[in-house]
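The values are calculated or read from the model by the stated rules, or taken from the named source; none is laboratory data. Just so it is clear, the structure is predicted and the values come from calculations on it, not from any experiment. Every residue, glycine among them, receives a Cβ derived from its backbone with ideal geometry; neighbour counts consider all protein chains shown. Quick note on the areas: whole protein, heavy atoms, side chains included, nothing else; ligands and nucleic acids left out. Shrake-Rupley method; radii C 1.70, N 1.55, O 1.52, S 1.80 Å.
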Amino acid sequence: MELNMKAYTKEQLTASADSFPKVADYYQYQLRGVLIHSGTADSGHYYSIAKAPQHGEDSDASWFCFNDSTVSPFDLSALHEEAFGGFSSQNSLKPYSAYLLIYERQHVAFLERGTELPSSYEYNCVQEPKLFMPKELLDDISRDNSRFLRDQTLFDPAYSTWLLDIANVIETDTLAPLEIVQLVTLHIFENLSHSKDLNSQLESFVTLLCSWYAQSSDACLWLLDFMCKKLRFWIVKILLNCSVAETRSLFARVLMTVIRKMAVGNRAQYGVEDEECAVAGSGSASFVGSDDDWNRRDSDDDILLKVFDWSQTPQQPSCVTRRIGRANFWMSKTVCSRFLGVALLDAMQSCEQHWRRFDQLFQVVDCFASCGFSEAVYLIRC
């Protein structure tokens, strides 16, 4: 249970015993936990025996066995039988053995900030971390801790329940404040969609969200514009990477509601291009900046772009001709057509590797084409 490390230290091996200014407890360690492996070298199970933090006198009753979701008191007198491998009292080979022992030093003294270290206690005290750690490292630790606390709150079921209760206060036929729509949207697709424990609340949130988007063009404009500029990865991450079909369908349901709402007011300007509205996409990245020697139009007025692959054979790069359509959707004046191109159509380049899960992506594209003749023609030109 106790371990004295003095005989194994550099000080003991290089100096006489009477030259140490350290107190005896500095080298004394006490057992605080045992990690046990049960099974073979190829497979098995880990569980632990540990002493709970306790004030005052130490007691064997403070030891517990932590085995997955089961926590039970542990009798310390049985530690030898339960943690040491070899043969049992019945002369059978034990399938379990201690894998790792955790000890705690008996004597650790921290200095207050600004306190000068006395020479007689030079080895007995540990400086407060803030006194010697670089500020950059402390700032990184602080940011990591803040991020952890934030995630812990956002993924807490109680937070989702609270947010859903607030959302339900708003009447279904009432225009919800844009800030509430934004908050619920980000919570659904940034948090809920990645939490298996909270998927049961997704449908309730999406039903509310669709009713809000169906009433607010401003909310629809915010979502499409925000996704084009900052959250385009949602398309691939949720519509293609997500393995849960229900989550993909609910996300597609929100997008189709927004597209139907925006199509009516946007269709007159699908073909109007404005460089000030441009957002980067695979189409824009390939076309903008290339000269007449590298691209041309075919008989159907499609833009044909030569793309060179220098990665395999730098001396003789391979060349393929890519058709990128006739509509410069990344410069469209309407957010609906920009979203169609840079978010939906660009995502189709990843469909080959996600062929088992791309049905909802095509469902959203089909929704745009089904809004009317103008939408179908524009989609063909893309």
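Taking all protein chains as shown and a probe of 1.4 angstrom, residue 164 keeps an accessible surface of around 30 Å².
Exceeding 30 Å between C-alpha atoms, which entries from my cross-link table qualify? They are 230/261; 51/135; 6/94; 237/333; 6/51. Pairs exceeding the cut-off: 51/135; 6/94. Accessible area per residue (1.4 Å probe, heavy atoms of protein chains only) ranks 185, 207 as 207, 185, with the largest value leading. Taking 0.36 nm per residue of sequence separation and removing the Cα-Cα distance, the residue 264/residue 2 pair yields an extension gain of 86.6 nm. Accessible area ranking (1.4 Å probe, heavy atoms, ligands and nucleic acids excluded), largest first, for 46, 103, 29: 46, 103, 29. Take the Cα of residue 173, go 7 Å toward its beta carbon, and the backbone nitrogen atoms of region 214-231 under 17 Å from that spot belong to 214-216. Computed from backbone phi, the HN-Hα couplings of region 375-382 come to 5, 5, 5, 5, 5, 4, 6, 7 Hz, rounded to whole numbers (Karplus: 6.51 cos²θ - 1.76 cosθ + 1.60, θ = phi - 60°; Gly and Pro given as x). For the residues 220, 65, a 1.4 Å probe over the protein chains yields an accessible-area ranking, largest first, of 65, 220. Here's how it looks for residue 32: its modeled amide H is under 5 Å from those of 102, 103, 104, which are all 5 or more places away or on a different chain.
Amide H contacts of residue 99 (H built 1.01 Å from N, in plane; Pro and chain starts excluded): 35, 36, 37 sit under 5 Å, all sequence-distant by 5 or more or on other chains. 3J(HN,Hα) along region 232-248, derived from phi through the Karplus expression 6.51 cos²θ - 1.76 cosθ + 1.60 where θ = phi - 60°, amounts to 5, 5, 4, 4, 5, 5, 9, 7, 10, 7, 5, 8, 8, 4, 5, 5, 4 Hz, with x in place of Gly and Pro. Solvent exposure of residue 200, expressed as accessible area, is near 100 Å², computed with a probe of 1.4 Å over the protein chains only.
Once all protein chains are placed together, residue 135 keeps about 130 Å² accessible to a 1.4 angstrom probe.
At an R0 of 35 angstrom, the distance between the Cβ atoms of residue 87 and residue 9 translates into a FRET efficiency of 0.50. Label sites at residue 75 and residue 52, each approximated as a point 7 angstrom past Cα along Cα to Cβ, lie 1.9 nm apart. In order along region 65-74, phi translates into HN-Hα couplings of 9, 10, 10, 6, 8, 9, 10, 9, x, 10 Hz, rounded to whole numbers, per the Karplus curve 6.51 cos²θ - 1.76 cosθ + 1.60 with θ = phi - 60° and x for Gly and Pro.
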